[in-house]
Ligand SMILES: [Zn+2]
């Protein structure tokens, strides 16, 4: 018997706005799709939080014994600068500015994305498909939607006819919007616009001569609209209806609303049974944005190279910080919050260490079975990780009393406590043991700064052989020295 058979997991479904008992379409199996990054810049910390929430959810499903097919895509074409149907393709724009091939941009930031996620100890998804790898599937859906009368072609572009769709279906049901209100709140289209209505969205866009990313289609050379790839890839790998679709709250409208419209128009059925949305990350009480400077990259947190935080924080400390909030709540990052989380994370790792050296004795003073049930209850209540962590710290308190000889535990309870803690801390929350902690990065900084000092002495003594050796050897290890007015600093690649 698998664990899931004895658990009643409830999930907050954004479509109904309610917590619903989770029952997958096929017993024991789950299909889950999460909208991945558009790879035109370094991955944002806020996006990391979204993906981490779904990593935890994926982990808990696996822990319960489900067979999960987890699809998280890479958007490498079709996502325009204004998130709608206008402006340049985000990747093509970056390629133009940096004089790179679009696929060089894609490669660079896909590697960055994987690198950061690996540092955070993410499990890889089962499939990570790309938009450019599924152009044929996308063209097929456009043809199908045209055949069914929910789209129209204009000058080589194909647009989804939202008003037509809304006659028989409910456009806006996920985000709680009404088409009438949307129409009332938008300006009239200019005469040059090809759309019948401003709410219509592009399924396929004609490529202007200067557009680099282009593919042949029945309507001429062009590229797919941003919303289409997720419909194409989720259907291909998970079917016309699947269990879970996730993403950031900001994707509810228009992206996910458009996905629903495309799928319902093409397949005549609702594509997703449980829609899940993760909330955003703010910093010091304000929205994170590059333009205002209220922004920090994950890598800058790990190295401590930033002007916002007082020190470097390890990926595990940051992961623990993120897990302390429910995925549907806004989470605010600050120096104090990270310091507190780091402390908590160290206390937890210490307690696990202590537990491994406890000798069982006498009658247990801790009802492990009852405690274990409260951990599952927390997770079964829409993946409530903050409550789970509070329960884990009830055990930490008890472990410290065991250490002091004030409480006892018998052998079978000790084993059960260890196994349960390991499962929740490492398998479900995805934390790693303290070996990867900030102490190590403090030590590394100490060693590199010592070498920087020795290099300066060598240079002052005109011993350039030694000073070059230090720089080159560090470089070979992936540690770059930068000489500036204020002295020499270093960065890790
Ligand atoms: Zn998507």
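The values are calculated or read from the model by the stated rules, or taken from the named source; none is laboratory data. Note that the structure is a prediction, hence the values are computed from the model and not measured. Neighbour counts are summed over all protein chains in view; Cβ atoms, including those assigned to glycine, are modelled from backbone coordinates with ideal geometry.
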Note to self: Would you confirm, using the coordinates I've provided, whether residue 16 is assigned to a loop (DSSP other than H, G, I, E, B) and either away from the ligand (no atom under 16 Å from the Cβ) or under 20 Å from residue 126 (Cβ atoms) (or both)?
What the structure shows: yes
Next item on the list: Check every one of the strands (runs of 3 or more DSSP E) wholly within segment 225-298 and list those with 2 or more residues that are crowded, with 23+ Cβ neighbours inside 10 Å.
Entry: 242-248, 272-278
Next item on the list: Any residue in segment 222-234 that's closer than 9 Å to residue 129 by Cβ and near the ligand (Cβ under 8 Å from one of its atoms): show its pairings with residues that are at pLDDT 95 or above and part of a helix (DSSP H, G or I) at Cβ separation under 7 Å, as long as the two are six or more apart or on different chains.
Entry: 229/134; 229/138
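Confirm whether residue 44 is under 21 Å from residue 175 (Cβ atoms) and either touching a helix residue (DSSP H, G or I) at 6+ places or on another chain (Cβ under 8 Å) or buried (at least 17 other Cβ atoms within 10 Å of the Cβ) (or both). Write out each step before concluding.
On the way: under 21 Å from residue 175 (Cβ atoms): no; either touching a helix residue (DSSP H, G or I) at 6+ places or on another chain (Cβ under 8 Å) or buried (at least 17 other Cβ atoms within 10 Å of the Cβ) (or both): yes.
Answer is no for this residue.
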Note to self: When you check residue 204 against the structure, is it away from the ligand (no atom under 16 Å from the Cβ), closer than 23 Å to residue 95 by Cα and buried (at least 20 other Cβ atoms within 10 Å of the Cβ), yes or no?
What the structure shows: yes
Next item on the list: Read through the list (1) surrounded by fewer than 19 Cβ atoms within 10 Å (Cβ to Cβ); (2) in contact with a helix residue (DSSP H, G or I) (Cβ under 8 Å, 6 or more places away or on another chain); (3) at pLDDT 95 or above, then give the number of the only condition that residue 64 fails.
Entry: (1)
Next item on the list: Mind telling me which of the residues 342, 416 ends up being more than 28 Å from residue 61 (Cβ to Cβ) and either at pLDDT below 95 or in a helix (DSSP H, G or I) (or both)?
Entry: 342
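Quick one: which strands (runs of 3 or more DSSP E) sit completely within segment 52-161 and have at least 2 residues that are within 14 Å of the chain's Cα centre (by Cα), within 27 Å of residue 10 (Cα to Cα) and in the same structural domain as residue 265 (by TED's automatic domain parsing)? Talk me through it step by step, then tell me what you get.
On the way: elements: 67-72, 151-154, 157-160.
Passing ranges, in order: 67-72.
Does segment 374-413 hold any residues that are assigned to a loop (DSSP other than H, G, I, E, B) and without any contact (Cβ under 8 Å) to a residue 12 or more places away in the chain, and which are they?
Restricting attention to segment 374-413, the residues satisfying the condition of being assigned to a loop (DSSP other than H, G, I, E, B) are 382-384, 404-408, 410.
Across segment 374-413, the qualifying residues are 404, 405, 406.
Return a yes/no flag: does segment 183-204 have any residue that is in the same structural domain as residue 13 (by TED's automatic domain parsing) and part of a helix (DSSP H, G or I).
Yes: one or more hits.
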Next item on the list: Search segment 335-355 for residues being free of Cβ contacts under 8 Å to residues at least 40 places away in the same chain and crowded, with 19+ Cβ neighbours inside 10 Å, and hand back the single one that is nearest to residue 281 (Cα to Cα).
Entry: 338
Next item on the list: Identify the single condition in (1) in contact with a strand residue (DSSP E or B) (Cβ under 8 Å, 6 or more places away or on another chain); (2) in contact (Cβ under 8 Å) with a residue 40 or more places away in the chain; (3) surrounded by fewer than 16 Cβ atoms within 10 Å (Cβ to Cβ) that residue 110 does not satisfy, given that it satisfies every other one.
Entry: (3)
Notebook entry, point to check: With respect to residue 271, is the statement that it is in the same structural domain as residue 22 (by TED's automatic domain parsing) and either modelled with pLDDT of 95 or more or farther than 25 Å from residue 153 by Cα (or both) true?
Noted result: yes
Item checked: Residue check, residue 180 closer than 16 Å to residue 78 by Cα and either outside any loop (DSSP other than H, G, I, E, B) or under 30 Å from the mean Cα position of the chain (by Cα) (or both) -> no
Next item on the list: Check residue 322 against each of (1) under 14 Å from residue 45 (Cβ atoms); (2) assigned to a loop (DSSP other than H, G, I, E, B); (3) in contact with a strand residue (DSSP E or B) (Cβ under 7 Å, 6 or more places away or on another chain) and name the one condition it does not meet.
Entry: (2)
Margin query: Among the numbered criteria (1) outside any helix (DSSP H, G or I); (2) under 30 Å from residue 372 (Cα atoms), which one does residue 489 miss?
Written below: (2)
Margin query: Restricting to segment 29-38, and then to whatever is part of a loop (DSSP other than H, G, I, E, B) and touching a strand residue (DSSP E or B) at 6+ places or on another chain (Cβ under 6 Å), can you tell me which residue is farthest from the ligand (Cβ to nearest atom)?
Written below: 36
Note to self: Tell me whether segment 211-221 contains one or more residues that are within 14 Å of the ligand (Cβ to nearest atom) and part of a strand (DSSP E or B).
What the structure shows: no
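Keeping to segment 16-41, report how many residues are buried (at least 20 other Cβ atoms within 10 Å of the Cβ) and over 14 Å from residue 61 (Cβ atoms).
Step one: of segment 16-41, the residues buried (at least 20 other Cβ atoms within 10 Å of the Cβ) are 22, 24, 30-40.
Retained after the next criterion (residues that are over 14 Å from residue 61 (Cβ atoms)): 35-40.
The total comes to 6.
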Check: Can you pull out the residues in segment 345-369 that are farther than 18 Å from residue 388 by Cβ and not in a helix (DSSP H, G or I)?
Finding: 357, 358, 359, 360, 361, 362, 363, 364, 365
